[in-house]
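Trainee: Please find one structure pasted underneath; my questions will follow.
The values are calculated or read from the model by the stated rules, or taken from the named source; none is laboratory data. Just so you know, these numbers come straight off a predicted model, no measurement behind them. Cβ coordinates were reconstructed from backbone atoms using ideal geometry, including for glycine residues, and neighbour counts include every protein chain displayed.
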Amino acid sequence: MDSSDFRIIYLFTDLLAPLIVGYLLYRHGKISDALISRILRLNVIIIYTVLALMSCWTLPISWDLALIPVYGILIVLVPGVVGWAFFIRKYHNPLDRGAFLCNAMMSNITTLGGVCAYIIYGEQGFGYAQIMGIFQTILLVLAVFPMAQFYCLQHENHGDTGKVSLRVRDILLSWNQLSILGMAAGLLLNAAGIARPPAVGTAFEGLIHFGAWFGMLPVGALINLHRTRRYAPYTLDLFILRFLVMPAFMFAISYPFVHDPVLLGAILVFSVTPGAINSVTAAKLYHLNVDFTISGFLTTSIAFFFLVYPALFFLLR
């Protein structure tokens with residue numbers, strides 16, 4: 001039996017379980033907003049930096065790696081363009097339009113996509129997720145935030161009251177991006193031909209479970225079923241974008257050029273990954289419809305966990 005057959009249990013123990021636990025703990029007042037923020041920062045700054053170094057240390061160095069930036073950019077921009085061209089007219093409020101595009105453009109590749117790729121492909125799949133996540137962060141600043149600000153200002157009739165001060169440097173050059181150094185260090189060790197000690201692989205197998213829990217538990221704490229359920233019917237457009245348009249598009253543009261079957265499969269996994277916490281962050285920062293972004297994350301995540309990813313797992317393993 002393939003090792004990925006055993007790792008499928010991580011879908012429940014490392015992804016669904018922390019979501020449920022985070023939701024229950026927060027609803028019963030057992031964890032605070034301050035603790036949630038500390039957990040997120042610990043995960044992003046320390047755990048994911050170490051995991052990125054470990055996984056990138058063993059990635060196969062090939063021309064396929066040079067294609068990841070292209071796919072990392074397209075996986076953000078294409079759903080935004082398609083959503084704007086075909087779906088946005090049904091939303092009359094600019095705050096709803098901005099929230100919809102935030103949901104469409106941002107997906108949880110680094111955390112959820114990384115663990116899901118790891119379940120099927122092991123460390124190599126996780127490493128690809130971390131590299132692609134870099135370009136999601138760049139596009140968050142260069143594309144998603146300006147788009148969100150546009151709809152915020154449109155709601156304010158182009159006045160200055162909706163303007164939000166934003167320093168690009170503070171986002172790109174922050175402790176939250178420390179994992180980029182971990183990836184770079186891992187790739188340098190890899191390129192230098194330095195063999196990774198077996199103990200590092202063993203440590204990775206244990207640490208990734210902490211990363212999954214510390215990444216998903218705070219997300220569960222953000223879920224507010226009462227406030228978001230009214231928007232659930234309006235998130236069906238995201239299903240078409242995330243689970244039909246994007247996998248078809250990403251497969252069509254990657255299959256002729258990507259020779260590494262692991263990267264090809266990982267790209268397919270990333271293309272169907274549901275909404276990200278960054279979409280909620282953008283909505284909060286620019287006073288868009290936060291409940292809509294959370295509802296979009298919740299509904300697409302439920303479909304992903306129980307239908308889309310299990311089907312993809314048996315297709316790709």
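Trainee: Which one of these does Asn103 not meet: (1) buried (at least 24 other Cβ atoms within 10 Å of the Cβ); (2) at pLDDT below 90; (3) over 14 Å from Tyr71 (Cα atoms); (4) among the polar types (S, T, N, Q)?
Mentor: Exception for Asn103: condition (2).
Trainee: Out of all the residues in region 115-169, which are β-branched (Val, Ile, Thr), farther than 19 Å from Asn278 by Cα and either touching a helix residue (DSSP H, G or I) at 6+ places or on another chain (Cβ under 8 Å) or modelled with pLDDT of 80 or more (or both)?
Mentor: Ile119, Ile120
Trainee: Test of understanding: among Gly201, Gly206, which residue is free of Cβ contacts under 8 Å to residues at least 24 places away in the same chain and small (Gly, Ala, Ser)?
Mentor: Gly206
Trainee: In region 261-292, how many are over 18 Å from Phe12 (Cβ atoms) and either of a type in the set (A, V, I, L, M, F, W, C) or touching a strand residue (DSSP E or B) at 6+ places or on another chain (Cβ under 7 Å) (or both)?
Mentor: 18
Trainee: For residues that are over 24 Å from Gly133 (Cβ atoms) and aromatic (Phe, Trp, Tyr), tally how many sit in region 16-64.
Mentor: Adding up the residues that qualify gives 2.
Trainee: Identify the single condition in (1) of a type outside the set (A, V, I, L, M); (2) under 17 Å from the mean Cα position of the chain (by Cα); (3) under 19 Å from Gly182 (Cα atoms) that Tyr71 does not satisfy, given that it satisfies every other one.
Mentor: Condition not satisfied by Tyr71: (3).
Trainee: Go through (1) closer than 18 Å to His209 by Cα; (2) buried (at least 17 other Cβ atoms within 10 Å of the Cβ); (3) under 19 Å from the mean Cα position of the chain (by Cα) one by one and return the number of the condition Ile20 breaks.
Mentor: Condition (2) is where Ile20 drops out.
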